[in-house]
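The values are calculated or read from the model by the stated rules, or taken from the named source; none is laboratory data. Keep in mind that this is a model prediction, so the values were computed, not measured. Glycine gets a Cβ as well: all are built from the backbone with ideal geometry, and neighbour counts include every protein chain shown. Ligands, DNA and RNA are excluded from the accessible area calculation, which covers all protein heavy atoms including side chains. Shrake-Rupley method; radii C 1.70, N 1.55, O 1.52, S 1.80 Å.
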Amino acid sequence: MDNNNNQNNGQKNNDNKGSKFNQTLLILLIAAVFTYLGMSCMSNFVTNASTKEISYTEFLEMIEEDKVEKVEYTSDKIIITPKSDENSPIKMTYYTGYIYQEDTFKLLNEKGIRYSHTIEESNAFMDIILMYVIPFLFVYLLFTFVFRRMAKGGGMMGGVGKSNAKMYVQKQTGVTFKDVAGQDEAKESLTEIVDFLHNPDKYNKIGAKLPKGALLIGPPGTGKTLLARAVAGEAKVPFFSLSGSDFVEMYVGVGASRVRDLFKQAQASAPCIVFIDEIDAIGKSRDSKMGNDEREQTLNQLLSEMDGFDPSKGLLILAATNRPEVLDKALLRPGRFDRRIIVDKPDLKGRLETLRVHSKDVLMDDSVDLEKIALATSGAVGSDLANMINEAAINAVKNGRKFVNQNDLFEAVEVVIAGKEKKDRILSDKEKRIVAYHECGHALITAVKKNSDPVQKITIVPRTMGSLGYVMPVPEEERYLETKDEYLVKLVTYMAGRAAEKVKFNVETSGAASDIQEATKIARHMVLMLGMSDKFGMMALADIENRYLDGRAAMNCAETTQADIDEEVRRLLKNAYDEAIEIVSNNIDVLDKTGEYLFEKETITGEEFMQIYREVKGISEEADTISVNEETVGDNDKNSDTGVTSDYTL
């Protein structure tokens, strides 16, 4: 490996020396040309300032008037030096076109004027150098310099056939596995690969072979690229990093050439790791109906190169994507990408570790409880959590504090989820009261129904993402399974906002739009995927597309069945709305008290809401705590997406 590096370094040094020599020669040549042009311009300027062209007739008149001191004949003109004039500060000379006349020479002899003939010597060799060699050399060096700069910087054709991979060695990325949290299984798989590169004999003795490739799969923001950079920091071997789009060009064959060049570089530097981010840009499944010649040639070359290299030399291909379903089957088979490493959304433990990693350099006071933040951010990915920590630090500075407190962190969670407070949006008292009752309707269900998450905060302060108010739930523990009863409670909770509007004000506003959308998604998911429908039972009616992106469901049933599905979804939503109407009507006293309190305060905590609820219902805090504990015994964990329970939008 040292010899390879020395050879590569020697080749780079030679290339750099040649490039520097060409640049120096070009600069000197340009300087010489500009110097020559400058001197020529200066000479012409001086000459033009003291020389004047006259006609041949005027020349003869000057001879007749005895104003000429001497005359010099050249091959194409006559240069006239007049007699000195004391009144003129500039010594002027004149010239005219050459005309041969014997009478003119007689006249010069009669006047006693000196005349001579100058023979101009021409150097043919210098003329060729100046007229042909120097311009050609100048143009050649100029184009060489420009095209090398373009090839190096990716200009024009981006260095046709050359790989654009960035090379890292040892810990130049500045990231190790210590900087990656919440992905223990993925780190374990990659740690084995790194150990294989460091200690190949330990594995070769038992007959184990290094996997040819490992594919990182997961939603955006979960840390796939960060894991790859951590591998670069841990491996201490050359690490080539590039994106799948770096292979794609408008010229057919360029991508395949770049793949060949990449593997040529990698094999010369083995043992090493090659990381291709967003590999779906070149690895999409080949389609005979609508093919892309350039992309398919690039993919074919990649498949060929992955079959051709010897993994015993320590060459590993690492790739990342969030669209594994579109990748070509030939790319995914064993022998190419032997391992598929899932980098999914972190659980409670993973979120807590991620928060600790991103907050290690942030000053925090004793009130900070990262576990509560982790509970409040179920479904958040690593990039979301890093953004929340940063927003909390910014909020602390904005408020003149030297330490981040718990309120800053919860405010940061709200900023990431719902946006910043929109202070310029002023609601009328009527709209503000409707929004307050709407949000309290949501919170009321969480107090009445079991299998619901307790409320952390209720607010009617508008946010920049369009919400006029929302309820923020915080689960007491992480759950991985969700029962049908819990889904039904969610439907009732979403419908309770509109139910509160209807019961209290007998109106139906546009603010329930997002509630209806979320409730419809849940109901359709229950019917299509979870078998939680009395009508269809244990039957999957759709497949998931883009699992790690939008998770869209693709129907796989007859059109007549789709109409029945819509009817079943409508039935679930109607039952949930009817139940919400009943709960709100039976607890209108609580709704009035909490709604007016929220109208005045604009933002209240879940504890304040529950205190009012207990006062109106005459329930002691101890009895309510015992009741809640009895209801939640045996509840399973879930891992739902981050979001507020209600989002009252226009």
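Using the crude model of +1 on Lys and Arg Cβ and -1 on Asp and Glu Cβ, and no other charge, please compute the dipole size for segment 327-372 relative to its Cα centre, in debye to 20. Walk me through the intermediate numbers first.
Working: 11 positive and 10 negative charges, 118 e Å.
The calculated dipole for segment 327-372 is roughly 560 debye.
Applied to segment 612-617, the Karplus parametrisation 6.51 cos²θ - 1.76 cosθ + 1.60 on θ = phi - 60° returns per-residue 3J(HN,Hα) values of 5, 4, 5, 5, 5, 8 Hz, with x for Gly and Pro. On the basis of the beta-carbon distance and an R0 of 41 Å, Thr605 and Lys521 show a calculated FRET efficiency of 0.90.
Which FRET efficiency value, to the nearest 0.05, is calculated for Glu508 and Ala268 with the Förster distance at 56 angstrom and r the Cβ-Cβ distance? Numbers along the way, then the final one.
Numbers: r = 70 Å, r/R0 = 1.25.
The pair Glu508/Ala268 has a calculated efficiency of 0.20.
Each label was represented as a point 7 Å from its Cα along the Cα-to-Cβ direction; for Asn300 and Met92 these points are 8.2 nm apart. Solvent exposure of segment 377-446 amounts to 43 Å² per residue of accessible area, where only protein heavy atoms count and the probe is 1.4 Å.
Between Met529 and Ser285, what's the calculated FRET efficiency when r is the beta-carbon distance and R0 is 22 Å? Round to 0.05. E between Met529 and Ser285, to the nearest 0.05, is 0.35. The stretch between Val133 and Lys430, if pulled fully straight at 0.36 nm per residue, gains 98.2 nm over its current Cα-Cα span. For Lys490, which lysines qualify as cross-link partners when the Cα separation must be under 17 Å and same-chain residues fewer than eight apart are set aside? In chain and number order, the partners are Lys449, Lys450, Lys521, Lys574, Lys638. Taking 0.36 nm per residue of separation and subtracting the Cα-Cα distance, full extension of the segment from Leu107 to Asn390 would add 92.0 nm. Just check segment 277-354 against the gyration tensor rule for me: Cα atoms, a ≥ b ≥ c as the square roots of the eigenvalues, rounded for a/c under 1.5, and otherwise prolate or oblate depending on whether a/b exceeds b/c. Here segment 277-354 falls in the oblate category.
List, in the order given, every pair from Lys402/Lys601; Lys372/Lys484; Lys484/Lys535; Lys349/Lys484; Lys398/Lys601; Lys70/Lys106 whose Cα-Cα distance in the structure shown is over 19 Å. Intermediate results must be reported in sequence, preceding the final value.
Numbers: Lys402/Lys601 28 Å; Lys372/Lys484 26 Å; Lys484/Lys535 15 Å; Lys349/Lys484 26 Å; Lys398/Lys601 23 Å; Lys70/Lys106 14 Å.
Cα-Cα > 19 Å for Lys402/Lys601; Lys372/Lys484; Lys349/Lys484; Lys398/Lys601; rest within.
Site pair Phe143 and Lys83 shows an inter-label distance of 6.2 nm when each label is modelled 7 Å from Cα along Cα→Cβ. Remark: the Thr191-Thr560 segment gains 127.7 nm on full extension, using 0.36 nm per residue and subtracting the alpha carbon distance.
Taken per residue, the accessible surface of segment 499-629 reaches 55 Å², heavy atoms only and a 1.4 Å probe.
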